[in-house]
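**Q** Sending over a structure as structure tokens; questions will come in a sec.
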Amino acid sequence: MLVWVYAEAVDGKVTTATLELLTKAREIGDTVEAIYAGGGDTGAIAASVGAHGATKLHVIDPGDGLPGQVAAAAIAQLAQSANPDVILFAQTYDGRDALARLSVRLDRPVLTNGMSLSAEGGSLTFGTAIFGGVTLVDVKLTGAGPALIAIRPKSFAAEESGGGAAEVSAVAAADAGRAAEAKVLARHVEEQQGPKLEEASVVVSGGRGIGAAENYAPLVEELAKLLKGAWGASRAIVDAGWVPYALQVGQTGKTVKPKVYIALGISGATQHLVGMKNSDNIIAVNKDAEAPIFSVADLGIVGDVHKVVPQLIDLLKAKQ
């Protein structure tokens, strides 16, 4: 089985989500290759993807165009001769853009929002959540390839294979049509306080149980900062407008896998659990002893967050 992985990089560094996909690709395929659309030091990118199992790095030059538009045209052209069995994408903005356009060009269906992937007897089984994260299902892929699959970041662990740098191969330019007329005019970097939510080793999230929007900063943010972690939120308070969508953890938000995940006033609906249940250690504070969050918690505190968390914050400050 030949598996391709659509590689992404930020500031010249291959994303963790890409390395996770390469690790999984080694499990399901005999040959793993990466495809990268962008600029920067391709030598460094080839070394990184090679260390995680890719034997070849196909490089596409998007120029000043949007990577997904140019990449889809080039990948479709390349696939006609190489015949990959599977093409994996990270469930990111850029990954979904390229995947959707490639689906149209190859006339192939896509499977998105995956959380597991396995191969047995030449067939693939894809795991995802449906009905807003309420039900987990496995889907077996049939029919001709290539299978087009998007996987949520943090679904797998990134592990090096010990391989050397991947062979770099330039991909011939392809006609992307009028879509290629869109150009990147400027880039704006989002302001970041503390570690990124997806990369933090400690994540503190708040839910409707914190009571009101004005309670988020003194409870959730304050505790996260003291623990040198990132702060997140449940869908309920994002929908209520208490915090921005960028902080949402869950099926329709971000997937996190920190060493410690602290859930404050979060009931634990399946939609939220999907985004954090693989954390190494889960601590939950909720006044409802029957809350579903306690079913996945390693440590559960049945109590009012407005009484428990301030005491914890005071203890942490006293030890500084």
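The values are calculated or read from the model by the stated rules, or taken from the named source; none is laboratory data. Note that the structure is predicted; figures quoted are calculated from it, not measured. FYI the Cβ positions are ideal-geometry reconstructions off the backbone, even for glycines, and counts take in every protein chain you see. Note: areas computed on protein heavy atoms with side chains; ligands, DNA, RNA excluded. Shrake-Rupley method; radii C 1.70, N 1.55, O 1.52, S 1.80 Å.
**Q** Provide the per-residue ³J(HN,Hα) series for the stretch 42-55, in order, calculated from phi with Karplus coefficients 6.51, -1.76, 1.60 and θ = phi - 60°, each as a whole number of Hz, with x at glycine and proline positions.
**A** 5, x, 5, 5, 4, 5, 5, 5, x, 5, 10, x, 7, 8
**Q** Give me the percent relative contact order of the stretch 10-84, please, defined on Cα pairs under 8 angstrom at least 6 residues apart. Can you show the working numbers first?
**A** Details: 73 pairs, mean separation 23.0, N = 75.
Relative contact order for the stretch 10-84 comes out at 31 percent.
**Q** Sticking with this one: When the dipole is taken about the Cα centre of the stretch 223-320, and only Lys, Arg (+1) and Asp, Glu (-1) are charged at their Cβ, what size is it in debye, to the nearest 20?
**A** Values: 11 positive and 7 negative charges, 85 e Å.
Approximately 400 debye in magnitude.
**Q** Expressed as a whole number of Å, what is the distance separating the alpha-carbon centroids of the stretch 79-134 and the stretch 28-76?
**A** 17
**Q** Considering only protein heavy atoms, what per residue accessible area in square angstrom results for the chain with a 1.4 angstrom probe?
**A** It amounts to 48 Å² per residue over the chain.
**Q** If you don't mind, there's one more thing I want to ask. Given Cα pairs under 8 Å that are at least 6 residues apart, what percent is the relative contact order of the stretch 190-320?
**A** On the way: 274 pairs, mean separation 30.5, N = 131.
Computed value for the stretch 190-320: 23 percent relative contact order.
**Q** For the stretch 1-160, what size does the Cα cloud have along each of its three principal axes, sorted from largest down, in whole Å?
**A** 41, 33, 31
**Q** Calculate what fraction, in whole %, of the accessible area of the chain sits on carbon and sulfur atoms when a 1.4 Å probe is rolled over the protein chains. List each step's numbers first, then the result.
**A** Values: 7780 of 15400 Å².
Carbon and sulfur atoms account for 51 percent of the accessible area of the chain.
**Q** Amide H of Gly163 versus every other amide H placed in the peptide plane: which residues, excluding those fewer than 5 positions away on the same chain, fall under 5 Å?
**A** Gly53
**Q** For a label point 7 angstrom out from the Cα of Asp107 toward its Cβ, which stretches of the stretch 79-98 have the backbone nitrogen within less than 16 Å?
**A** 80
**Q** Once Rh for the stretch 236-320 is found with the Kirkwood sum over Cα pairs, what is the Stokes-Einstein diffusion coefficient at 4 °C and 1.567 mPa s, in µm²/s? Working shown, then result.
**A** On the way: Rh = 13.5 Å.
My calculation gives 96 µm²/s for D.
**Q** Can you tell me the relative contact order of the stretch 214-290? Whole percent, Cα pairs under 8 Å, sequence separation 6 or more.
**A** Numbers: 102 pairs, mean separation 18.6, N = 77.
In percent, rounded to a whole number, it is 24.
**Q** How much length is gained on full extension from Glu160 to Ala318, taking 0.36 nm per residue of separation minus their Cα-Cα distance? Walk me through the intermediate numbers first.
**A** Numbers: separation 158, 0.36 × 158 = 56.88 nm, distance 4.08 nm.
Gain on stretching Glu160 to Ala318: 52.8 nm.
**Q** Once you list every other residue whose beta carbon is under 11 Å from the beta carbon of Gly265, what net charge do they have if Lys and Arg are +1 and Asp and Glu are -1? Write down the numbers at each step before the final one.
**A** Working: positive: Arg208, Lys287; negative: Asp288, Asp304.
Result for the neighbourhood of Gly265: 0.
**Q** Still on this structure, I have one more. Taking a threshold of 19 Å on the Cα-Cα distance, which of the pairs Lys257/Lys319; Lys56/Lys154; Lys228/Lys259; Lys259/Lys307; Lys24/Lys140; Lys56/Lys140 fall above it? Display every interim value, and only then the final one.
**A** Working: Lys257/Lys319 27 Å; Lys56/Lys154 24 Å; Lys228/Lys259 12 Å; Lys259/Lys307 25 Å; Lys24/Lys140 17 Å; Lys56/Lys140 28 Å.
Pairs exceeding 19 Å: Lys257/Lys319; Lys56/Lys154; Lys259/Lys307; Lys56/Lys140.
**Q** 5 Å is the cut-off here: which amide hydrogens, built 1.01 Å from N in the peptide plane, fall below it relative to Thr112, excluding neighbours closer than 5 in sequence?
**A** HN-HN under 5 Å from Thr112: Ala150.
**Q** Could you run the Karplus curve 6.51 cos²θ - 1.76 cosθ + 1.60 with θ = phi - 60° over the stretch 276-281 and give me ³J(HN,Hα) per residue in whole Hz, x for Gly and Pro?
**A** Here the 3J(HN,Hα) series is 9, 5, 8, 4, 5, 9 Hz.
**Q** Okay, next question. Using alpha carbons only, how many degrees (0 to 90, rounded to 10) separate the axis of helix 93-106 from the longest principal axis of the chain?
**A** So the helix axis and the longest Cα principal axis differ by about 40 degrees.
**Q** Then there's this: Provide the per-residue ³J(HN,Hα) series for the stretch 258-274, in order, calculated from phi with Karplus coefficients 6.51, -1.76, 1.60 and θ = phi - 60°, each as a whole number of Hz, with x at glycine and proline positions.
**A** Per residue, the Karplus-derived 3J(HN,Hα) values read x, 6, 9, 10, 10, 9, 10, x, 10, 5, x, 4, 3, 4, 7, 4, 4 Hz.
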